[in-house]
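The values are calculated or read from the model by the stated rules, or taken from the named source; none is laboratory data. In this text, all values refer to a predicted model and were calculated from it rather than measured experimentally. Cβ atoms come from the backbone with ideal geometry, glycine included; neighbour counts cover every protein chain shown. Ligands, DNA and RNA are excluded from the accessible area calculation, which covers all protein heavy atoms including side chains. Shrake-Rupley method; radii C 1.70, N 1.55, O 1.52, S 1.80 Å.
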Amino acid sequence: SASQLKGRKQMQAVHWPLKVSQTDTSSKTPNSVPHTVEQCESSIDAENANFYYRSLQAAAKAADVSAAEAAMRRMREAGITPSIACYGTLVGVCAKTGDVARAESWLETLAGSGLGNPNVICVNMVISACAKHGQVERAAAWLQRMHSLGVEPDVMSYNAVIDACARSGEVNRAEEWLGKMQDSGAIPNVVSFSSVLHACARAGEATRAEAWLERMHSAGVPPNAICFNALIHACAKADDTDRAARWLDHMVKHGVQPTVTSYSTIIDRLSKSGDVVAAQQWLTRMTQAGVDADVIAYNMVLGACSRAGSVDTAEALFSQMRDRGIKPNVVAFNLMLNIYARLGDTATAVRRLKEMRQAGILADRVSFNTAFKSLVKGADVTGASMLVKEMKSHGVEPDAMSYTAIILACARAKNAEAAENWLKKSLADGLEADVSAYSATLEACAHAGDLPRAEYWLTRMDFLGLLPSASAFCALMHAAANKSDTRRIEKLFERMKEAKVETTRPMYNALISTFARRGDIDSAEKWLKQMRTTGIDADVASYSSVIHACAKSSDLQRAESWVGKMQEVGIDPNVVTYNSVINACARCGESARAESWFKQMKCRGVSPGLLTYNSLINAAVKAGERTKAENWLTDMKQQGIEPDGVSYSTVIHAWARAHDAPRAEHWFRELLQAGAATKQTSSFSYNSVCQVWARAGDVSRATSWLQEALDARAEVNTNSFTAVAGCHLKLDQPEEAERLLQRMQQDGLEVPLSGVGGAEAIAAAWAQKGNQKRANAVRAMAKDSNDVSTARSGPRSRGGKHPWSSN
C-alpha cells in the first residue's frame, strides 16, 4: 500500500540520507511512471544501489580503501547485494594502493559470493599488485588459479607474472613464463619482451638481453625505447659502457628516439666508476642529440665530482644547469655542499646555502649537517657562528649533531676555549650532548696542552656515565707524552683497561712516535714491548719509530739491532726505517756503514729519498770525506731528486771547516742558483762562506759576502762580524772594524769583548795609534751592548746553528 511504501522509504532514509533529484516528470511518458508497489520498490532499490556504487567509485578514485570498504559495508547493511563491478572496484583500489592482502581477500570474497566468475581484469589487478611488490610466487599462483575461477588468462595476465619475475631479477622464471604464455596461444607483445629484458638488466646479463632483443625481431615485435633502455641498462650494470654506447647508436639506426633514461644510464655508470670526464662528455652528447638533460642527469655527474673532490668541474656544471633553465634541487645543492665539506671551505658552503634560500629551496637537515663537515675538515672555528645563523634563517634549529661537528672543528683547531663554549651553548639550548661532543671537548683541551682541563672533562664524563672515545684517550696520552709524564700515561692506560676501551695499534704508534721524537729510546722500546704483550702486532711504523729514537740518541748499535728484530718477525723495513738507521750512522760519523745500508735499501727495492741522501752527505762530512759528500749531492741529482738547502749547506759547511774558501763559495753559488735555500739554510751558508774567507785573510771577499748577506736580510751571527773585523785589524784598519761592531750593536747582537775582532782587540788597535779616546769609546760600546743584551735575557747569536742540529 502507499502507507507501507512511505514507511519503507523513511526506514531506508534512516540508514542513509538519500536525496532524490527533482526531475521534470511532465516530459515522462505514462509507461515510464511505475504503477505498482513492486515497480516503485524496484526503482528505489536501483537508485540506492547506483548511489552506493557511485560512493564506492568516488572512494576508489581518491585511493581511500577505508572509505570504499565502508561504502560496501553500508550497501550490505541496506540489504543491497553488491554487484561484480562493486567487488572489482574494491579489488582495484586495494591493488592500486599496494594492499595485496586485502585485494586478494576481496577477490576471494567475490569468488565465493555466488554472483558469478570474477572477470579477467579483477584477477589481473591482483597479479599486478603482487608483481609490484616482488611477490612472484603469489602472482604465479593466481595466474595458475584463473582456470578454476572460470577465467582465461590473457596477455596482460602473463605480462604481470613476467613483470613480477623481472622486478625480482629472476631471469630464468621470466623466460619460463614467456614460454608458457606462447604455449597457451597468447601472443607476446612488446610489454612481454620488455619485461624479460628488464629481468636481464636487473641481473646484469647483457648477452642474454641481446639475445632476447633478437628474438623480438624474429617474432615481428619491434622494440621500443623501453626495450633498448633495458638492454643499455644491462650493459651498464655489467660495467661495459662501450657496449651500452653501441646499443644506443643501434637504437638510433632503428629509428627509435633515445630518451633521457638512455643517456642517463650510461652517465650514471661512468659517474659511479669515478670517470668524471667521460660522464661529462656523455652529458654534452645527450644535449647535442636534442635530448634535454634533467636535474637527475646533472646530479649523477655532480655526484662523481663530489666523490672526486673536483670543485671546478662541479661548479661549471652547476652554472651550466642553471643557464639551461634546469632548476637545481636539494640533492644538487647537497652534492655541492659535500664538495665544499671535503675541502673544508665553510665560506662557500654558506654562500650556497644562501642561494638555496633565495631560490625558494629550503635546505634540509642533511644540507646543514653536510655543511658542518666543512668546519671539521677546515678546523674552521670562526665559520661556526656564520653557519648556525644561516641554518636558523632556513627555519632549522641546530641539533646535537650540528653542535658536535662544531666542537670537533674546535678540537682540530686546538681551541679548547671555543670547544667548551659551544658545548655549554648546546646544553643551554636544552640539547643532550652525546659522547662525541664531550670527547671532542676533551680532545680540544688535550691538543691545546691543557691537561688539567682535559682531565676535568674526563671526570665529568665519568660522572655522566659516558665512556670517552679511543681518540680522546689517545689525545690525552699525547699531551702527557709531550710533557714526559710517563706516570700519567700509565694511569690513562689503566683507566682504559678498566673501562674496557680497546687500545689500538695507531694509539701505541702515536705514543711510541712521541717518545722517539724526544730521543727517549727506553720509553719507546717499553711501549713497543707492551703493545706486543697486549696481543697487538707491531707494524713497520712501530719499529721505525723506535729506530728513529735510537738515531736521535746517536745509538747506532741499538738502531741496527731493531732493524734485525723487525726482519725476524717478517716485517720489511721501508724508506722511513732505512732513513732512520742511515741517520744514526751519520750522527756517529760511520760513512761506510751508512753506504752499506744504502746499498741494502736499493737491493730490497726501496727507493731512497731526499732525507736518505741528506743523511749520506752528513755521514760523509762527519767522516771528513768531503769529496764523497759532493758525489752524493751529484748522484741525487742524477736520480731525479732535487737537493734542498740542507743538502747544499752541509757540503758548504764541510769545505768551510776545511778552510777551502773557493770550494765553499762554489757550492753556495750552486745553492743560490738552484733556489733551494730556506732562510735558515741561507743564513747558515752566508755565515760559513763569510767566515772562511775571513780566516783566509781575504778581507775584500769576506766583506763582500757579509754585505750580500745583510742585503739579503740573512741572519748574520756574531762570529761573522768579528771574523771580518779581525781581518781589518790585521790590515791596521780599526775604523772599519769598529764600524762592524756598531752594526752588530744596531742589529741587537752582543758585542764580544775578547777574541779576534772583539772590542778589546779594536780598542788595543786604537790605543797603539795613540787614540785612547776611540779605544775607550769602543769599550763603552761593548759594555752598553752587553748590558742591553743581559736585560733581554741573554745574548743573541743569530744564524750560527746548522740545520741538521734540529733534525
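Out of the residues in segment 329-362 that are open to solvent by less than 10 Å² (accessible area, probe 1.4 Å) and under 21 Å from M300 (Cβ atoms), which is farthest from the chain's Cα centre (by Cα)?
By that ranking, first place goes to M356.
Between a residue in segment 585-604 that is part of a helix (DSSP H, G or I) and any residue that is surrounded by 21 or more Cβ atoms within 10 Å (Cβ to Cβ) and of a type in the set (V, I, T), which pairs come within a Cβ distance under 6 Å, given they are 6 or more apart or on different chains?
A594/I582; W597/V581; W597/I582
Can you pull out the residues in segment 255-281 that are assigned to a loop (DSSP other than H, G, I, E, B) and either free of Cβ contacts under 8 Å to residues at least 12 places away in the same chain or not polar (S, T, N, Q) (or both)?
Here is the first cut: in segment 255-281, the residues assigned to a loop (DSSP other than H, G, I, E, B) are 255-259, 273-275.
Selection gives G255, V256, P258, G274, D275.
How many residues are free of Cβ contacts under 8 Å to residues at least 12 places away in the same chain and within 21 Å of A696 (Cβ to Cβ) when one looks only at segment 713-732?
Result for segment 713-732: 0.
Tell me which of these V196 doesn't satisfy, since it passes every other one: (1) over 16 Å from S168 (Cα atoms); (2) in contact with a Phe, Trp or Tyr (Cβ under 7 Å, 6 or more places away or on another chain); (3) in a helix (DSSP H, G or I); (4) aliphatic (A, V, I, L, M).
Going through the list (1) over 16 Å from S168 (Cα atoms); (2) in contact with a Phe, Trp or Tyr (Cβ under 7 Å, 6 or more places away or on another chain); (3) in a helix (DSSP H, G or I); (4) aliphatic (A, V, I, L, M), V196 breaks only (1).
For residues in segment 365-421 being open to solvent by less than 60 Å² (accessible area, probe 1.4 Å) and among the charged types (D, E, K, R), which is nearest to L343 (Cα to Cα)?
D380
Looking only at segment 355-380, which residues are outside any helix (DSSP H, G or I) and of a type in the set (V, I, T)?
Correct list: I361 only.
Kindly provide the set of residues from segment 647-660 that are surrounded by fewer than 23 Cβ atoms within 10 Å (Cβ to Cβ) and among the aliphatic types (A, V, I, L, M), ordered by number.
Across segment 647-660, the qualifying residue is only A658.
Hey, does segment 72-85 have a residue that's open to solvent by 60 Å² or more (accessible area, probe 1.4 Å) and assigned to a loop (DSSP other than H, G, I, E, B)?
Within segment 72-85, one or more residues are open to solvent by 60 Å² or more (accessible area, probe 1.4 Å) and assigned to a loop (DSSP other than H, G, I, E, B).
Would a scan of segment 97-106 turn up a residue that is surrounded by fewer than 24 Cβ atoms within 10 Å (Cβ to Cβ), under 44 Å from the mean Cα position of the chain (by Cα) and at pLDDT below 85?
No.
Kindly list, by first and then second residue, each pair from a residue in segment 744-771 that is free of Cβ contacts under 8 Å to residues at least 24 places away in the same chain to a residue that is not in a helix (DSSP H, G or I), limited to pairs with Cβ atoms under 7 Å and residues at least 6 apart or on different chains.
Pairs found: A759/V751; A759/P752; A759/L753; E760/L753; E760/S754.
Here's the yes/no breakdown for (1) over 22 Å from the mean Cα position of the chain (by Cα); (2) open to solvent by 30 Å² or more (accessible area, probe 1.4 Å); (3) on the phi < 0 side of the Ramachandran plot:
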| residue | (1), (2), (3) |
| --- | --- |
| K237 | yes, yes, yes |
| V276 | no, no, yes |
| A279 | no, no, yes |
| R307 | no, yes, yes |
| S319 | yes, yes, yes |
| R322 | yes, yes, yes |
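State which residue is least open to solvent (accessible area, probe 1.4 Å) when the search covers only segment 136-186 and only residues that are of a type in the set (S, T, Y) and not in a helix (DSSP H, G or I).
Step one: filter segment 136-186 for residues of a type in the set (S, T, Y), giving 148, 157-158, 168, 184.
If we keep only those that are not in a helix (DSSP H, G or I) too, we end up with 148, 168, 184.
Values: S148: 94, S168: 49, S184: 65 Å².
Of everything passing the filter in segment 136-186, S168 is least open to solvent (accessible area, probe 1.4 Å).
Is it fair to say I547 is touching a helix residue (DSSP H, G or I) at 6+ places or on another chain (Cβ under 6 Å) and surrounded by fewer than 24 Cβ atoms within 10 Å (Cβ to Cβ)?
no
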